[in-house]
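A quick write-up on the structure given underneath.
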Amino acid sequence: MTSHASPSAAQRANDDILLEIAFYLWKPDLAAMALACHGWLNAAQEGLYRRVHMDLRSRGVFALERTLYGSAPLRGRVRHLWLRRGDEGTVYYPTFRWLALLPAGALRSVAFAAFSDMALCRDALRCPAARDAPALVVRSTNLVFAAQIEEWLARPALRALSLNLGLSFGTVRFAGAARLRRLSVAVDGAVRLGQLASLLDVLDPAVLERFDLETTYHLHPDDIPQWVARMARHAPALKHLSITSRHRVALEPFMDDLVQHLPRLTGLHCGYGSFTPDLLARLPSAVEELTLVWGIDGSVFAPGALGMGVVHIPAPGNVPFPCDAFSDAVAAPPGTRRALRRITVVLPELVRADLARFGAACARSGVVLGIRSMSDFAVDVLE
């Protein structure tokens, strides 16, 4: 009689370590890991199929569909689905037969990138697993209009919504209050409060924990007081706030006033032009991490040693980082900023600043100062 002992605690710990390693490996490395030995196969397959990327410009999408349709164990490992269509080249249209076989609640997130085909998007979201995914990302302004947003908000399981919005997406009307925990919005063009107000107004202020906004242009100066009032309405639960831009967020700083209305905030990302050194004296007591973007990274298309290419240059209008003012602010008695443990300053690539005094003041106050370049600190609010 053969005895099959249950896995020991040591064996289970070893399996957990393998899974953790697998989540950090690239696909080719995971494939090699799967072939190494039977003991590593499970962890490798978990890493390979936990996040499924289907690029509809690749013929390989059909082979991936056949694999997932024919294997219930592999199909059952999928937790995150990422679909990219694109407008260039040939597009291969999947059937989503495998997706229809997944039960409701199987997926944690669904993302659409570079989509212009609403029919294909709807086909995927009709499947129970995609329909009930708690996180939805749509990186295409062609797909996002008020009526479509209302349909998504009506999904009971939806908790995180990330959208790429155009300037004319319309007015959102929704009966009740949508219980989103996270709303992330990237807007192409100048943002007016009225364009986002209808979306913010339908969210339950007692539930929203994170709001991210990225714009290619600054907020309109006339909207700033109303903008502060709108965000303050969501103060009860808001823990993370990020307002950033590829250029200047605002012509007049407003974060200094806004943060005083957000007592539960733990993470804050401030775009260029939205803050002054006074921000440090007004931070809520729960804020642990603060990111300050200072300046604009410019670029031009110009000839270089290897031919034409993008060359980074200091953008016009950049002013030096006010090191002395921030040093004095962080050296002052902490007041409300009792939890602050890290400040990250993000500067344009070709702008040099001597932040030694600021770093020393941070160290004396028990705060870690990080200095990053914009070229290696890209913020993707829709991620």
Inter-site label distance for ILE17 and ALA154 at 7 Å from Cα along Cβ, in nm: 5.2
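Arrange the peptides 277-285, 318-326 so that the one whose residues have, on average, the most other Cβ atoms within 10 Å appears first.
277-285, 318-326
What are the trypsin sites (Lys or Arg not before Pro) within the stretch 106-192 that DSSP puts in a loop, where the Cβ has at most 11 other Cβ atoms within 10 Å?
Numbers: sites: ARG108, ARG122, ARG126, ARG131, ARG139, ARG159, ARG173, ARG179, ARG181, ARG182, ARG192; in loops: ARG108, ARG159, ARG173, ARG179, ARG181, ARG192.
In loop regions of the stretch 106-192 (DSSP not H, G, I, E or B), there are no sparsely surrounded trypsin sites (Lys or Arg not before Pro).
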Suppose the Debye formula is applied to equal point scatterers at every Cα of the stretch 28-91; what is log10 I(q)/I(0) at q = 0.13, 0.22, 0.26, 0.30 Å⁻¹? -0.40, -0.96, -1.15, -1.26
Roughly what percent of Cα-Cα pairs across the stretch 58-185 reach past 26 Å? 22
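Provide, as a two-decimal number, the C-alpha radius of gyration of the stretch 206-290 over 2.2 N^0.38 Å, N being how many residues it has. Don't skip to the answer; put the middle values down first.
Numbers: Rg = 11.8 Å, N = 85, 2.2 N^0.38 = 11.9 Å.
Taking the Cα Rg and dividing by 2.2 N^0.38 Å, one obtains 0.99.
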Using a basic spin-label model with each label point 7 Å from the Cα along Cα→Cβ, how many nm lie between SER198 and LEU251? 2.7
Work out, in µm²/s and without decimals, the Stokes-Einstein translational diffusion coefficient of the stretch 120-261 at 25 °C, 0.890 mPa s, Rh from Kirkwood over C-alpha pairs. 157
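A short reminder: the numbers here are calculations on the coordinates, not readings from a lab. Small disclaimer: the values here were computed from a predicted structure and weren't measured. Here Cβ is always computed from backbone atoms with ideal geometry, including for glycine, and neighbour counts include all displayed protein chains.
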